[in-house]
Amino acid sequence: MKRREFISLLGGAAAAWPVVARAEQSMRVIGFLNGASPAELGPRVDAFRDGLAEMGYVEGRSVAIEYRWGLGQYERLPEMAIDLVRHRVAAIAATGGVPSVRAAKAATFEIPIVFTMGGDPVAFGLVASLNRPGGNVTGITLISGEIVSKRIAVLRDLLPSAKVLGVLMNSTTPASEAESVAAERTAHTLGWQVKVLRVGKELDFDTAFQPLVRERVDALLVTTDPIFESQRHRIVALAAQHAVPTIYALREYAVAGGLMSYGASINDVYRQAGSYVGRVLKGEKPSDLPVIQTSKFELLINLKTAKTLGIAVPAAVLALADEVIE
């Protein structure tokens with residue numbers, strides 16, 4: 001190569017270096033915090049990316065995502081949230097419930113936080129109000145406590161002679177505790193007895209299910225919890241083993257063999273969260289973005305499981321179903 005050509009090439013490359021550097025610097029980085037495992041939540045992460053893409057942010061092109069997974073150990077979330085702050089992320093998606101939101105909020109008062117959760121964020125002190133959250137936190141809520149009564153109503157219509165309701169809850173999660181209390185309140189108004197089955201951080205589901213036979217539980221309600229979701233196949237298997245009719249919050253349980261589910265589309269919740277993070281990256285403030293309350297719910301009935309349990313699903317209940325698995 002001639003000297004003049006070499007110098008020209010070198011000069012062109014040198015001129016390009018700042019462009020490359022500017023391109024790398026322009027890619028925003030967001031944090032994704034969740035207490036569960038990525039192995040079980042792949043579709044939700046995809047939905048979150050879809051929401052980001054709707055706002056023009058594509059992972060690996062215009063935005064980078066730092067993932068932090070608690071793997072079922074909520075006590076790891078605070079340090080993970082602090083680590084995301086150290087990385088100077090532009091926003092934090094605190095997904096999967098109250099523990100991740102609390103961890104993120106404790107770690108920063110400045111970085112925008114967008115949550116997904118099943119409880120009431122006002123009652124948990126995470127936002128000032130749903131319409132005007134204030135501070136650096138907003139997001140999407142299922143308000144799961146309010147639809148617990150509807151799940152129990154479906155159980156009543158399916159099992160009119162039932163008298164004892166079991167409630168499976170995670171004793172380490174405040175949202176699961178609140179949902180359990182709501183379930184007890186509703187069941188008592190129907191004259192039902194309630195047996196609460198508590199699962200601790202050891203995740204000893206076998207022990208938690210043992211009172212089902214001793215207490216003669218007629219039906220079971222499983223509360224909303226990210227760790228439960230990651231253990232849904234185990235929970236569904238135990239419900240089948242004990243032959244107890246069970247209703248869940250998410251469709252994934254019914255697809256996995258559970259009897260029924262009634263709740264919001266969780267993938268749509270994550271898509272909305274991705275969209276909200278995209279709006280924050282464009283300059284909107286969390287304090288000005290109202291908390292979204294999911295209003296679309298779906299009832300799934302697994303007729304194969306109903307047949308195995310010897311349950312004839314009434315036509316009135318089938319008519320309410322948005323999807324029937326045969």
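A few points about this structure:
- Condition check for residue 218: free of Cβ contacts under 8 Å to residues at least 60 places away in the same chain and closer than 22 Å to residue 76 by Cα: no
- Considering the range 94-145, and only residues there that are charged (D, E, K, R) and under 18 Å from residue 83 (Cα atoms), the residue that is nearest to the chain's Cα centre (by Cα) turns out to be 102.
- Restricting the range 149-177 to residues that are polar (S, T, N, Q), open to solvent by less than 10 Å² (accessible area, probe 1.4 Å) and outside any helix (DSSP H, G or I), the residue that is nearest to residue 123 (Cα to Cα): 173
- The set of residues from the range 73-89 being aliphatic (A, V, I, L, M) and open to solvent by 30 Å² or more (accessible area, probe 1.4 Å) comprises 82, 85.
- Residue check for residue 212: over 25 Å from residue 266 (Cα atoms) and modelled with pLDDT of 95 or more: no
- Residues (of a type outside the set (D, E, K, R) and either assigned to a loop (DSSP other than H, G, I, E, B) or crowded, with 21+ Cβ neighbours inside 10 Å (or both)) located in the range 27-40: 27, 30, 31, 32, 33, 34, 35, 36, 37, 38, 39
- Checked against (1) hydroxyl-bearing (Ser, Thr, Tyr); (2) crowded, with 21+ Cβ neighbours inside 10 Å; (3) assigned to a loop (DSSP other than H, G, I, E, B), residue 129 passes all but condition (2).
- Residues (surrounded by fewer than 16 Cβ atoms within 10 Å (Cβ to Cβ) and of a type outside the set (Gly, Ala, Ser)) located in the range 60-72: 61, 66, 67, 71
- Checked against the criterion of being part of a strand (DSSP E or B), of a type in the set (S, T, N, Q), touching a helix residue (DSSP H, G or I) at 6+ places or on another chain (Cβ under 9 Å) and open to solvent by 70 Å² or more (accessible area, probe 1.4 Å), the range 193-204 contains one or more residues that satisfy it.
- Of the set (1) at pLDDT 95 or above; (2) open to solvent by 80 Å² or more (accessible area, probe 1.4 Å), all apply to residue 51 but (2).
- Where residue 207 falls short, out of the listed (1) in a helix (DSSP H, G or I); (2) open to solvent by less than 20 Å² (accessible area, probe 1.4 Å): (2)
- The lone criterion from (1) surrounded by 15 or more Cβ atoms within 10 Å (Cβ to Cβ); (2) of a type outside the set (Ser, Thr, Tyr); (3) under 14 Å from the mean Cα position of the chain (by Cα) left unmet by residue 43 is number (1).
- Residues that are part of a loop (DSSP other than H, G, I, E, B), open to solvent by 10 Å² or more (accessible area, probe 1.4 Å) and at pLDDT 95 or above, drawn from the range 90-107: 90
- So residue 189, is it of a type in the set (Ser, Thr, Tyr) and either open to solvent by less than 60 Å² (accessible area, probe 1.4 Å) or modelled with pLDDT of 95 or more (or both): no
- Only one of the numbered conditions (1) at pLDDT 95 or above; (2) of a type in the set (Phe, Trp, Tyr); (3) open to solvent by 10 Å² or more (accessible area, probe 1.4 Å) is not met by residue 115, and that is (3).
- Of all residues in the range 176-205, those that are closer than 23 Å to residue 242 by Cα have Cβ atoms under 8 Å from Cβ atoms of residues that are open to solvent by 10 Å² or more (accessible area, probe 1.4 Å) and basic (Lys, Arg), 6 or more apart or on another chain, in 192/163; 193/163; 205/234.
- Residues that are at pLDDT 95 or above and charged (D, E, K, R) do not occur anywhere in the range 34-41.
The values are calculated or read from the model by the stated rules, or taken from the named source; none is laboratory data. Computed from a predicted structure; not experimentally measured. Backbone-built Cβ (ideal geometry, glycine too); neighbour counts: all protein chains shown. These accessible areas exclude ligands, DNA and RNA; they are computed on the full protein's heavy atoms, side chains included. Shrake-Rupley method; radii C 1.70, N 1.55, O 1.52, S 1.80 Å.
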